[in-house]
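Every number in this text was worked out from the coordinates using simple rules, so none of it is lab data. Model, not experiment: these values are computed from the prediction. Note that each Cβ is placed from the backbone with ideal geometry, even for glycine, and that neighbours are counted across all protein chains shown.
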Amino acid sequence: MKIIKDILLCDLDAFFASVEQRDRPELQGKPVIVGGSPDGRGVVSTCSYEARKFGVHSAMPMKKALSLCPGAVIIRGRMSRYKEVAGQVRHIFSQYTPDIEIVSIDEAYLAFPAGKGLKAGLMIHDHIKEELKLSISVGVSTNKLLAKIACELAKPDRVKALWAENVDSELWPLSIRVLPGIGPVTGEKLNRLGIRTVKDLAAYPLESLNRTLGSNANLIHGYAHGIDDRNIEPEHVVKSISEETTFSDDLYDQDTIHAILLELSAGVGYRLRSANLTGRTITLKLRFSDFSTITRGKTLTNPADSDSDIYKTAQELFSRHKGKPPWRLIGIQVSGLEQGGQLSLLSPTESEEKEKKLTEIRDRLHQKYGNEVIFQARRLKKED
Ligand code: TTP
Ligand code: MG
């Protein structure tokens, strides 16, 4: 039996642009566009509601956006800042329920016992406004579909419930395009059958929809009646992040071990930063030629996500516990994970600033081209 729950869809309003307007009060009330360069082939990531009035929207070429709204303030965007704020928002969610499915950087489904959802939605809305000075929209219902549509109807800055008994008055008048699985192409095909509103679709005989909607016909026809059986899928909670290397031959050379520790630290560091996590405990794993294995850890005062902090600690652990060579395996694990990036130092030195910038560039390259390109670049440098 399916347990009946209330489901909330929480989605921040004009997320990147709202963070910019909050962080820089001089931008409040102004059309703000976050996105790529208008000179090249940049597109709009998002824009403030002031800019939306001019017809600007996500994924529009920046050039076109500027021609529609010449007075807009253009901002390239600060992904690490948005991730940090997203972590703060998730922390607030987690104070209300453990049942959370993260959908995207600014969107999550939350589940509550039946009957508790609307009150929780109102509290979360006000909590985020007060603590983070950001506006969020919340849709409340008993399934994901209706919660999502309620949220669209709530936007911006409101909480709205859409219950099953109001499907005919509130869902049916809307365009079929509000339903998941109906994009522009399918929408156009359905329009040609005279199906424009959700009500048209709900009334259409299911058997006749198979040709247009294929194997999805049943599901989408159900959506048109407000039926959706998808469950909330809470994120798998990661407890630690680790990487290790086994050597094909027993290794005697400490310089090679240090080089491998550097690569492992970079790998673990990248994965931490990508997940917007920091870790307090660094553990080194060593296997000797007789296959005996030891793990030795150190807990840091401040949680870390930088390659150099992880490397320094791992190296220190290695120096202290290296035992007798040769070694067969070496690994690094980071545990004691916390949401949010490493706290930026209050007055970073020039070299700390430089390291942070370099890390950002490397992470971007890693994301775009994979790890190999960074390995290659490091090797080139070593061979200079
Ligand atoms: P959305 O929640 O889709 O958009 P939004 O929060 O800006 O506006 P809304 O009030 O309608 O929810 O996306 C969240 C963020 O993801 C958005 O602020 C910027 C980014 N994004 C892109 O970078 N490109 C895109 O095409 C979209 C849709 C979003
Ligand atoms: Mg949003």
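Computing FRET efficiency as 1/(1 + (r/R0)^6) for Lys64 and Glu165, where r is the C-beta to C-beta distance and R0 is 41 Å, gives about 0.45. In plain terms, the chain from Lys324 to Ile361 could stretch by 9.5 nm, reckoned as 0.36 nm per residue minus the Cα-Cα distance.
Among the listed pairs Lys64/Lys155; Lys63/Lys160; Lys116/Lys239; Lys155/Lys356; Lys133/Lys199; Lys239/Lys322, those with a Cα-Cα distance over 32 Å are Lys63/Lys160; Lys155/Lys356; Lys133/Lys199.
Going from the residue with the fewest nearby Cβ atoms within 10 Å to the one with the most, Asp106, Asp250, Asp157 rank Asp250, Asp157, Asp106. Counting neighbouring Cβ atoms within 10 Å and putting the fewest first, the residues Tyr270, Tyr96 line up as Tyr96, Tyr270. Altogether, the Stokes-Einstein calculation at 37 °C and 0.692 mPa s, with the Kirkwood radius of the chain over Cα pairs as Rh, returns a diffusion coefficient of 135 µm²/s. Taking 0.36 nm per residue of separation and subtracting the current Cα-Cα distance, fully stretching the chain between Ser208 and Lys119 would add 27.9 nm.
From least to most packed, judged by other beta carbons within 10 angstrom and beginning with the fewest, Ser292, Ser215 follow the order Ser215, Ser292. Our summary gives the chain a relative contact order of 13 percent, counting only alpha carbon pairs under 8 angstrom and 6 or more residues apart. Under the simplified labelling scheme, the Asn231-Leu219 pair shows an inter-label distance of 1.7 nm, with each label point 7 Å from Cα along Cα→Cβ.
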